[in-house]
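The values are calculated or read from the model by the stated rules, or taken from the named source; none is laboratory data. Just so it is clear, the model here is predicted, and its values are computed rather than measured. Neighbour counts run over all protein chains shown; Cβ positions are idealised from the backbone, glycine included. Areas reflect the complete protein model, heavy atoms only, side chains present, ligands, DNA and RNA absent. Shrake-Rupley method; radii C 1.70, N 1.55, O 1.52, S 1.80 Å.
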Amino acid sequence: MLCLRSLTNPLRRACFKSTAAPQPASYGVGWAANIEEETRRGLSENPSLNDIVNYYFNKAAPLCEEETVKTLRTGTYEQSMKMIRGTLGVVKPCNDILTISFPIRRESGAIETVTGFRSQHSHHRTPTKGGLRFSKSVTVEDINSLAKINSFTSALIDVPFGGAKAGIKLNPNDYSERELEKIVRRFTVELAKRGFMGPGIDVLGPDLGTGEQEMNWIADTYRNTVGSNDLNAAACVTGKSQMMGGIHARESTPGKGLFLAAETFLNDADFMKKIRMIPGPFGKKIIVQGFGNLGKDFETLTRFVPFLSSLLSLSLSFC
């Protein structure tokens with residue numbers, strides 16, 4: 001049976017091609033079941049993140065079919081296409097989606113219900129991996145879309161993780177540190193006892209509104225509850241402090257990765273040829289939207305590279 005990993009090499013080769021038309025319906029519906037509606041929503045004036053992800057998946061899927069069928073040796077051409085289309089249909093939705101609601105007592109004495117989500121997109125390689133975010137506007141559709149993106153990016157660069165994402169529907173500025181600790185620890189227990197967390201199973205990490213402190217709470221809670229007999233319990237989460245077993249300079253790695261990717265992209269003649277530009281910084285400008293952890297670290301690193309710092313423009317946005 002095909003898996004997401006086996007589809008990524010053909011997709012790499014096809015990524016700069018123009019969009020191919022979907023193959024005939026005789027090959028099965030698969031990923032194209034709702035393509036007309038998803039295309040309409042993806043091209044609407046205000047598409048959601050889920051609409052955008054589905055739209056671009058639908059653009060990539062025919063390319064992947066074309067490339068994969070060249071190397072697949074399973075019966076006739078029609079049989080191969082049916083298998084490929086069916087596999088892409090399996091890849092498109094998220095495998096597991098969990099919604100959790102639980103009460104907490106605020107310091108004021110009020111009882112409040114907190115809602116959180118965890119989505120595991122694909123188990124083609126485990127553990128699934130994805131961050132935990134705090135946002136008042138987070139929805140289960142957003143979490144599903146981000147989990148899909150994590151799967152695709154991990155598969156394209158051959159990182160051995162399936163995609164996942166978690167979110168808690170709150171604004172962290174509205175809660176005290178002690179209240180946030182209660183929420184994170186309770187959320188951790190709820191995930192772990194349902195099998196949505198653990199080394200080799202599902203690993204959380206920092207994301208929007210969360211950082212080292214929240215990851216420390218998660219690691220400590222898991223190690224002292226469900227994972228008390230697990231030698232590798234600390235591996236249930238990334239992004240924790242060094243004191244809790246974390247890695248030095250982990251917080252700055254996303255910004256450094258973006259910095260290295262931008263530098264490589266600008267100086268690579270093949271990449272520049274594909275977008276009809278010349279290598280180097282001439283005639284280009286880099287725009288960083290937002291000034292969070294990633295944007296801040298990227299901007300800091302570019303100060304030490306003259307040709308990149310001259311291209312940089314910041315667009316600040318606050319949620």
Sorted by chain and number, the residues with a modelled amide H under 5 Å from that of Gly131, at a separation of 5 or more or across chains, are Ala166, Gly205
Note the full-extension length gain between Lys70 and Ala249 as 0.36 nm times their separation in residues minus their Cα-Cα distance, in nm to one decimal.
60.1 nm
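Quick one: putting +1 on the C-beta of Lys and Arg, -1 on the C-beta of Asp and Glu, what dipole do you get for segment 48-87 around its Cα centre, in Debye to the nearest 20?
The dipole of segment 48-87 has a size of about 140 debye.
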Potential extension, Asn224-Arg106 segment - 0.36 nm per residue separation minus Cα distance
40.1 nm
Per residue accessible area in Å² of segment 188-247, where ligands, DNA and RNA are left out and the probe is 1.4 Å:
45 Å²
Share of carbon and sulfur in the accessible heavy-atom surface of segment 126-243 [1.4 Å probe, %]
51 percent
Which FRET efficiency value, to the nearest 0.05, do you get for Leu43 and Arg276 by plugging their Cβ-Cβ distance into 1/(1 + (r/R0)^6) with R0 = 22 Å?
0.35
Order of 159-167, 256-264, 54-62 by packing, highest average Cβ count within 10 Å first?
159-167, 54-62, 256-264
Given charges at beta-carbon only (K, R positive; D, E negative), |dipole| of segment 24-165 in Debye
400 debye
Under the Karplus relation 6.51 cos²θ - 1.76 cosθ + 1.60, θ = phi - 60°, what is the ordered set of whole-Hz ³J(HN,Hα) values for segment 49-64, x standing for Gly and Pro?
4, 5, 4, 5, 4, 5, 4, 6, 4, 5, 6, 7, 4, x, 5, 5
Rounded to whole Hz and in sequence order, give me ³J(HN,Hα) for segment 245-259 from the Karplus expression 6.51 cos²θ - 1.76 cosθ + 1.60, θ = phi - 60°, writing x for Gly and Pro.
x, x, 9, 4, 6, 4, 5, 8, 5, x, x, 5, x, 5, 4
If each residue of separation counts as 0.36 nm, what is the full-extension length gain between Ile52 and Leu208 once their alpha-carbon separation is subtracted?
54.2 nm
